[in-house]
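To start, the structure under review is shown below, and the notes come after it.
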């Protein structure tokens, strides 16, 4: 499955990119395929791999802050893999030309 | 923590309430505090309890359908409990009167 | 259509219920059917009514804070009305018994 | 502000990439800065520009399908522009090295 998630800490000021950096460090070290974009991080893996990774990120942030809001969106399709790239490619094929990505 | 989640199966037609019913049956049997509303289900518990429950719902649906989209939104606040009701009550107190709920 | 939304202000501390109270006041005065729950507000109306309302809430908060994160989830189904209650009822009918709501 | 959105049509089968292609065509023709990724489309602009665009995409799909689910996530920060790229860059600066993007 692929999942997109974002973690927003509350009560730490307007800028939260240093917390996102901590999260991405953990994601990067997990070895799972991922992609960071402006609104979240996309990761691909089995349920337990992905959810275990998000829990690890949450645990790391909850050591430093009082409250976090986490958004997770999962696209789970049987027997599908390599979808971080493949889903965008499939749209481009339907459209007949490349898009901004 | 409290979490809101919804699971939408794709490729099974326009109406998905029979799938939501299967999910709610599992949630209800879990014993965790929950509340169903028109856009999802809110549940309260520890990370592993809540995520274990959502995984169980996902496993049940993936036995029947090819693809699902899951949305999860978590509000995780240290030492806070009973928040499915308390968060709404806190807004009413700030407002000084009851709201539709 | 029905829409669920939540607005989280950043940089104003851990507790945000006073801001939610401002939002709910605007929603309540709009006259649109709504329901507040622990993770957001559900409202029903035409696209322009609902989106105009959310814009009004956003404008009110952006006068006070530097940054907000808004989540909107829309369920748009042709010719369907009264769905804040009807969607839950439909699940209960499929299940054959009432749920916590 | 920047906004991420995704539109999922129900009742049209398991694969929805041809509908995403229609949406991206409309986004691309809008002239607004955008980026397609595996879980949605990010676009930057003023509230009315972005919401007008999403409405246009919704109208196009509702001519063909009976029901759609739309997710919108907005990050609205005063005086901030060029954030589709800048937010990722800011994380990389905090981290001290490039990430997968």
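Coordinate-derived values only; no laboratory data. Keep in mind it's a predicted model, so treat the numbers as computed, not measured. With ideal geometry, Cβ positions are generated from the backbone for all residues, glycine too; neighbour counts draw on all protein chains shown.
Side notes on the structure shown:
- Principal-axis analysis of the Cα atoms of chain D puts helix D:83-95 at an angle of about 40° to the longest axis.
- Averaged over the residues of peptide D:5-17, the number of Cβ atoms from other protein chains lying within 10 Å of each residue's Cβ is 6.
- FRET efficiency for the pair residue B:63 and residue D:15, taken as 1/(1 + (r/R0)^6) with r the Cβ-Cβ distance and R0 = 22 Å, rounds to 0.60.
- Axis of helix D:17-30 versus longest Cα principal axis of chain D: the two differ by about 60°, to the nearest ten degrees.
- Overall form of the stretch B:3-47 per C-alpha gyration tensor (a/c, 1.5; a/b vs b/c): prolate
- The protein assembly as shown shape via C-alpha gyration tensor axes, a/c threshold 1.5: rounded
- The stretch C:57-98: C-alpha gyration tensor shape, a/c 1.5 cut-off, then a/b vs b/c: prolate
- Each label was represented as a point 7 Å from its Cα along the Cα-to-Cβ direction; for residue C:55 and residue A:94 these points are 2.9 nm apart.
- Across chain B, C-alpha contacts under 8 Å between residues 6 or more apart give a mean separation that, scaled by the residue count, equals a relative contact order of 42 percent.
- Partner shielding of B:44-57 amounts to 2, given as the average count of beta-carbon atoms from other chains within 10 Å of each residue beta-carbon.
- Separation of alpha-carbon centers, the stretch A:3-73 and the stretch D:10-49, rounded to whole Å: 24
- Between helix C:47-62 and chain C: long-axis angle, C-alpha atoms, 0 to 90°, nearest 10: 30
- Over chain C, the pair-distance histogram of Cα-Cα distances with 10 Å bins from zero comes to 14, 44, 28, 12, 2 percent, rounded to whole numbers.
- Peptide-level mean, for C:83-94, of C-beta atoms on other protein chains within 10 Å: 5
- Across the copies of the chain, residue A:78 has label points (7 Å from Cα along Cα→Cβ) spaced 2.9, 4.6, 5.3 nm apart, shortest distance listed first.
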